[in-house]
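Chemist: Encoded as C-alpha cells, here's the structure I'll be asking about.
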Amino acid sequence: MKITSVDIFPLRLPFKTEFRIARGSVGSPQAGAPHIYVRLRADNGAVGWGEARPSHRWSYETEESVVSTLRDYLAPVLIGRDPADREGIHRLMDTDIAPGTTVGQPIAKSAVDIALHDLLGRAYGLNLRDLFGSKRGDVLRLSWIVSDPTPEGSARIASEGLAKGYAALKVKIGISPERDVEILAAVRETAPGAYLWADANQAYTPAFALKIARACAEVGVDVLEQPIPANDLPGLRRLVSRSDVPIAVDETVCGPADLVQAIRMEALDVLVIKVSKMAGLQRARQCIEMCRAAGIGLLGSGLTESSVGFMASAQLYGGYGVEIADLNGPGQFLGDGPAHDQVRIEKGTVHLPDGPGVGLGINEEDVKRFTKP
C-alpha cells in the first residue's frame, strides 16, 4: 500500500461561546476557529482523514504555518510511502521539518499522523483501539471547561456542566490571577463532589505558583496543571516537592524525549496527554506507556478539535484507560463541523464508535462546506 495523494482543507468552524485561557481568546462566536483537515489516499483506494487545530494563543503554530508546513514540506515526502511505516514517516517529517528544543511543528504533523492511523484502520477493517492493541473501555469521561475571570461567572458555568451530567470540571485560571483562589473556591462550592482540575497555562512565577498550590490544597483542587513556564524544569521540581496538590504538566512535554527529562528531574506528578502537541497518536501512545511504567498519573486533553481530532484522541485515551479528558470541541464549544452529529456525548461521557479507523464517516462535501474560500 502506497500513499498517492495528500489534500489539505483549511476550515473555519463556528464557536458557540468564547473560550479564554491565560494568554487570551482561542475561539469565539465572532471569529470562529481554524481547523485544518488532511486527506490521504492510497493506491488501494483507502482514505484517511486527519485534523490540526492551531491556536497562536497556545503555541507558536498558526493557521498559516500549519497550512504551509503541510502543503510545502510534509505532503511531498508522503507520496509513495507505505502508511503502515508510521515510525519511518515520522522520521521523514522530522527530517524535513527539524526540531528546535522540542518537536518541530507538532500540530501540523499530528494531522498527518491521525490521517495515517485512520487510513490504516479503514484498510485493515480495525478501529483505532484494535489497531493500538489496547481496548480497555468503550466510553471516556470528559471534563467541562470553566473559563471566566469572575467567581460568579465561573460558578454559573460549572453549574451548566453539572446540569449536563459532567462529573469533572477543568477551571482555566491565570486570566485574573489575583482572583484565582476565589474562582476555584466558588467552583468547589458549586460542585463539592466533582473532580476539580485547575489549569494555569504557564501564567505564574514559581513563588506565586507555590502560594496558589497551597491554596488549591485547602480548596480541595485535585490537580494543578502547568502553573509555571514550560521550560522551567528546576522550578517545576521544587514545586512538585513542596506542593500538597499533584502538579501536572502539559506544555512542558511534547514527546518522549521531553518526558524522559521531566521524569529524571522529578518535575511532574501527572502528565496531560495531548495528541496535537505530540505530533500525533504514535508518540502520544509512547508517552502513555512510559508514564504507566514510571508510575506517573495521566489525564487527556485537546485543543477544541472538531470530530476527527476529537474522536482520534478519545479512542486513544479510552483505549488506554485514561480516566478523564478535557475534549471540548463537540459538546461545549463548537457549533457545527464535519461529522459533528456522529459524536455521541451523554452525561459527560463520550461513546467510542466501533467503525474502522477513527470511527467516523467523513463526507467530502461536508468538509468543503466549512472550507475557507
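Chemist: List every residue whose amide H lies under 5 Å from the amide H of ASN127, counting only residues 5 or more places away in sequence or on a different chain, with H placed 1.01 Å from N in the peptide plane.
Modeler: Correct list: GLY357.
Chemist: Same structure, new question: Counting other beta carbons within 10 Å of each residue's own, what order do TRP197, TRP58 fall into, fewest first? Present the calculation step by step, with values, prior to reporting the outcome.
Modeler: Details: TRP197 25, TRP58 22.
Ordered from fewest to most neighbouring Cβ atoms within 10 Å, TRP197, TRP58 come out as TRP58, TRP197.
Chemist: In deg cm²/dmol and to the nearest 500, what is the mean residue ellipticity at 222 nm of the chain if only DSSP H runs of at least 4 residues count, each as -39500 (n - 2.57), divided by the residue total?
Modeler: -11000 deg cm²/dmol
Chemist: Still on this structure, I have one more. What is the calculated FRET efficiency for ASP354 to ARG91, with r their C-beta to C-beta distance and R₀ = 22 Å, to the nearest 0.05?
Modeler: 0.10
Chemist: What nm value, rounded to one decimal, do you get for the distance between LYS211 and THR371 when each label is placed 7 Å out toward the C-beta?
Modeler: 5.2 nm
Chemist: Using the structure shown, list the pairs from LYS164/LYS368; LYS170/LYS277; LYS135/LYS277 with a Cα-Cα distance above 30 Å, or answer none.
Modeler: LYS164/LYS368
Chemist: Now a separate question. Can you classify the stretch 131-351 as rounded, prolate or oblate using the Cα gyration tensor, where a ≥ b ≥ c are the square roots of its eigenvalues, rounded means a/c under 1.5, and otherwise it's prolate if a/b beats b/c and oblate if not?
Modeler: Details: a/c = 1.85, a/b = 1.08, b/c = 1.71.
Here the stretch 131-351 falls in the oblate category.
Chemist: By how many nm would the segment from HIS56 to ALA98 grow when fully extended, if each residue of separation counts as 0.36 nm and the alpha-carbon distance is taken off?
Modeler: 13.1 nm
Chemist: Another question about this same structure. When the chain is modelled as a GNM with alpha-carbon springs shorter than 10 Å, which of ARG264, ARG41, ARG53 fluctuates the most?
Modeler: Top of the fluctuation ranking is ARG264.
Chemist: Find how many whole Å separate the alpha carbon centroid of the stretch 50-94 from the alpha carbon centroid of the stretch 331-373.
Modeler: 21 Å
Chemist: Can you give the charge dipole size of the stretch 131-351 about its Cα centre, rounded to the nearest 20 debye, using +1 on the beta carbon of Lys and Arg and -1 on the beta carbon of Asp and Glu? Don't skip to the end; give the middle numbers.
Modeler: Details: 22 positive and 26 negative charges, 112 e Å.
Using only the charged Cβ atoms, the result is roughly 540 debye.
Chemist: ³J(HN,Hα) across the stretch 227-239 via Karplus (A = 6.51, B = -1.76, C = 1.60, θ = phi - 60°), whole Hz, x for Gly/Pro?
Modeler: After applying 6.51 cos²θ - 1.76 cosθ + 1.60, I find x, 10, x, 4, 8, 8, 5, x, x, 5, 4, 4, 5 Hz.
Chemist: Which aspartates and glutamates, on any chain, are close to LYS2 with Cα under 13 Å apart, when same-chain ones fewer than 8 places away are left out?
Modeler: ASP43, ASP82, ASP85
Chemist: May I ask you to compute the full-extension gain from GLU346 to ASP82, defined as 0.36 nm times their residue separation minus their alpha-carbon distance, rounded to one decimal in nm?
Modeler: Values: separation 264, 0.36 × 264 = 95.04 nm, distance 3.80 nm.
Working it through step by step, the gained length comes to 91.2 nm.
Chemist: Which listed residue (HIS90, GLY45, LEU70) has the Cα farthest towards the positive end of the charge dipole for the stretch 39-97, taking +1 on Lys and Arg C-beta and -1 on Asp and Glu C-beta about the Cα centre?
Modeler: The listed residue farthest towards the positive side: GLY45.
Chemist: Sticking with this structure for a sec: Computed FRET efficiency, Cβ-Cβ of ASP43 and GLU189, R0 35 Å: what is it to the nearest 0.05?
Modeler: 0.05
Chemist: Please arrange GLU251, GLU87, GLU323 by how many other C-beta atoms lie within 10 Å of their C-beta, fewest to most.
Modeler: GLU87, GLU323, GLU251
Chemist: For the stretch 171-191 and the stretch 246-287, what is the separation of their C-alpha centers, rounded to whole Å?
Modeler: Result: 26 Å between the Cα centres.
Chemist: While we're on this one: Note the listed values [x] 28, 26, 25; [y] 50, 25, 20; [z] 32, 22, 19, then indicate which one is semi-axes √(5λ) of the Cα gyration tensor in Å calculated from this particular structure.
Modeler: The value computed from this structure is option [z].
Chemist: Would you kindly derive the ³J(HN,Hα) couplings of the stretch 186-199 from the backbone phi angles with the Karplus curve 6.51 cos²θ - 1.76 cosθ + 1.60 (θ = phi - 60°), listing them in order in whole Hz, with x for Gly and Pro?
Modeler: 5, 5, 5, 5, 5, 10, x, x, 7, 6, 10, 10, 9, 10
Chemist: If you stretched the chain out fully between GLU178 and SER25, how much longer would it get, using 0.36 nm times the residue separation minus the C-alpha to C-alpha distance?
Modeler: Full-extension gain reported as 53.2 nm.
Where a number appears in this text, it was derived from the coordinates with a stated rule and is not lab data. It should be emphasised that the depicted structure is a prediction, and the values quoted were computed from it without experimental measurement. Here Cβ is always computed from backbone atoms with ideal geometry, including for glycine, and neighbour counts include all displayed protein chains.
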